[in-house]
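Heads up: the structure comes next, in structure tokens.
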Amino acid sequence: MSGRDGCEAIIFDLDGVLVDSEGLGFETLRALLATYGVDYRVEDNEPFIGINDRDHFTALKARHGLRPSVDALIIEQTSRLLAQIDTRTIPMPGVPRVPERLSAAGYPLAVASSSLPEVVEARLVALGVRPLFRVVVSSFHVPRGKPAPDVFLEAARRLGVTAARCLVVEDSAHGLRAAKAAGMRCAVVPTGGRWPDGAEPADVRLTSLLDLEPLLLPGTPGD
């Protein structure tokens, strides 16, 4: 994969790709569940990385017998996350540089995230990159969350680009499966120093977003 190579648009996941928020999301969820007497550990959370809050809380409610409704749990988690936007929004390496250069080169950009719409918008604004993305889609805007392909297909539809011409950038196994189910190429970046389990179907592995520049911007030297 080099140059445009049939790629007309780029769709980014948000958490773990543009913003370093996976650890924050876990810490916030762990604190919330602790108020209901649940000891939530890293290994408990790993199977849920990349899926949306509705699917996640539905599973947690069934597993732990949580009394609040799924909607009430989502509202509480969202409130806790939004309270930390200003102080805990940390860009991933290559942000905002890579989206800025790709946009300037003429690539239409989108974000397709499992996070709630309010959290997605707030994080993009806090990063200072919201104007770079023509389309922003949350899995709450579509019938099914990742690993179903719906959020990526909706992003492509809104961009006006066929799925086969889109490149997805992901960090989770659920996101990778969703991208491939959508018929899109997918590049994966590591989270916490490692690529997701089941990363073999990825079209390319990136050490960081900075690796996209020599792949998609001809003449860009590697840094």
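So which of L82, L73 is touching a residue at least 12 places away in the same chain (Cβ under 8 Å), buried (at least 20 other Cβ atoms within 10 Å of the Cβ), of a type in the set (A, V, I, L, M, F, W, C) and over 24 Å from L176 (Cβ atoms)? Spell out how you get there, then give the answer.
Working: L82 fails: buried (at least 20 other Cβ atoms within 10 Å of the Cβ).
None of the others qualify; the one that does is L73.
Looking only at the range 117-132, how many residues end up being free of Cβ contacts under 8 Å to residues at least 40 places away in the same chain and either assigned to a loop (DSSP other than H, G, I, E, B) or touching a Gly at 6+ places or on another chain (Cβ under 8 Å) (or both)?
1
Looking at (1) open to solvent by 70 Å² or more (accessible area, probe 1.4 Å); (2) of a type in the set (D, E); (3) in contact (Cβ under 8 Å) with a residue 40 or more places away in the chain, which is the only condition D39 fails?
D39 satisfies all of (1) open to solvent by 70 Å² or more (accessible area, probe 1.4 Å); (2) of a type in the set (D, E); (3) in contact (Cβ under 8 Å) with a residue 40 or more places away in the chain except (3).
Among the numbered conditions (1) surrounded by 17 or more Cβ atoms within 10 Å (Cβ to Cβ); (2) modelled with pLDDT of 95 or more, tell me where L116 comes up short.
(2)
The values are calculated or read from the model by the stated rules, or taken from the named source; none is laboratory data. Because the structure is a prediction, the values reported are computed rather than measured. Virtual Cβ from ideal backbone geometry, glycine too; neighbours counted across all protein chains shown. Calculation scope for accessible area: heavy atoms of the full protein, side chains included, ligands and nucleic acids excluded. Shrake-Rupley method; radii C 1.70, N 1.55, O 1.52, S 1.80 Å.
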